[in-house]
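Heads up: the structure comes next, in structure tokens.
The values are calculated or read from the model by the stated rules, or taken from the named source; none is laboratory data. Please read these numbers as outputs of a predicted model, since none were measured by experiment. Note that each Cβ is placed from the backbone with ideal geometry, even for glycine, and that neighbours are counted across all protein chains shown.
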Amino acid sequence: MNYAIIGFGQIGQALAKAFARSGIEVSVATTRDPQSFASTAAAIGAKVIPTTLAEAVKADIVFLAVRYEAHRDVAKALPTWKGKIIIDVTNTYGVSPEDLGGQPSSKAVAQAFTGGKLVKGFNHLAAATLDQDPAVQGGRRVVFLSGDDEGAIATVAALAEQLGFAPVNLGKLEEGGKLVHARDKTWGPLIFQDLFMKRA
């Protein structure tokens, strides 16, 4: 299993740090030349590998950490996303429900990634919070996951555990997933909630 983060702003870098802390290799990409952010990647860790968008989309699991408006451009990098899991870390605060077709934002995102399995996750934490070590006082920081494919959620939950987080499955995008979706200028009720789960 290999991993990539597309988008290397504050959220993308926070995710890269989580991989670096866990000693797991991850590719990072933007639409820019990899050399333009190679020094930032190197400062995070040796296993954070700057690459091109065309190479990053070959990963088994891809974190989509771009602005919502850019997701279609990323999706076009492959003719089909069959067999891949896309973790949607985007937020749509300020995007009108009409622009989303009246559906949760991840449903709209999923439609662009033909054949892929989409899981909403890691989006409810602010970048400064996601940037921190998720292990605190004997507990682990919670990340909420939702999606319409249980197998994909289980795979992402296992990865979240490897990265030191405590995954919580909210269910399908139309159901519990709405708790972590922004709607126009209203945040979902679980967005920005910084919760911890004590180890058993």
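The table below gives the values:
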{"quantity": "The lone exception for G151 - which of (1) touching a helix residue (DSSP H, G or I) at 6+ places or on another chain (Cβ under 9 Å); (2) surrounded by fewer than 17 Cβ atoms within 10 Å (Cβ to Cβ) it fails", "calculated": "(1)"}
{"quantity": "Residue that is farthest from V119 (Cα to Cα), among those in segment 22-73 that are within 18 Å of the chain's Cα centre (by Cα), among the acidic types (D, E) and part of a loop (DSSP other than H, G, I, E, B)", "calculated": "E25"}
{"quantity": "Count of residues meeting criterion [over 21 Å from A18 (Cβ atoms) and either surrounded by 24 or more Cβ atoms within 10 Å (Cβ to Cβ) or of a type in the set (S, T, Y) (or both)] in segment 114-145", "calculated": "1"}
{"quantity": "Looking only at segment 72-113, and only at residues there that are touching a residue at least 40 places away in the same chain (Cβ under 8 Å) and of a type in the set (K, R), the one that is surrounded by the fewest Cβ atoms within 10 Å (Cβ to Cβ)", "calculated": "R72"}
{"quantity": "Unmet requirement for E174, which otherwise passes all of (1) of a type in the set (D, E); (2) at pLDDT 95 or above; (3) assigned to a loop (DSSP other than H, G, I, E, B)", "calculated": "(2)"}
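Residues are listed down the side, and each one gets a yes or a no for (1) within 13 Å of the chain's Cα centre (by Cα); (2) modelled with pLDDT of 90 or more; (3) not in a loop (DSSP other than H, G, I, E, B):
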position: S96; (1), (2), (3): no, no, no
position: L125; (1), (2), (3): yes, yes, no
position: S146; (1), (2), (3): yes, yes, yes
position: V156; (1), (2), (3): yes, yes, yes
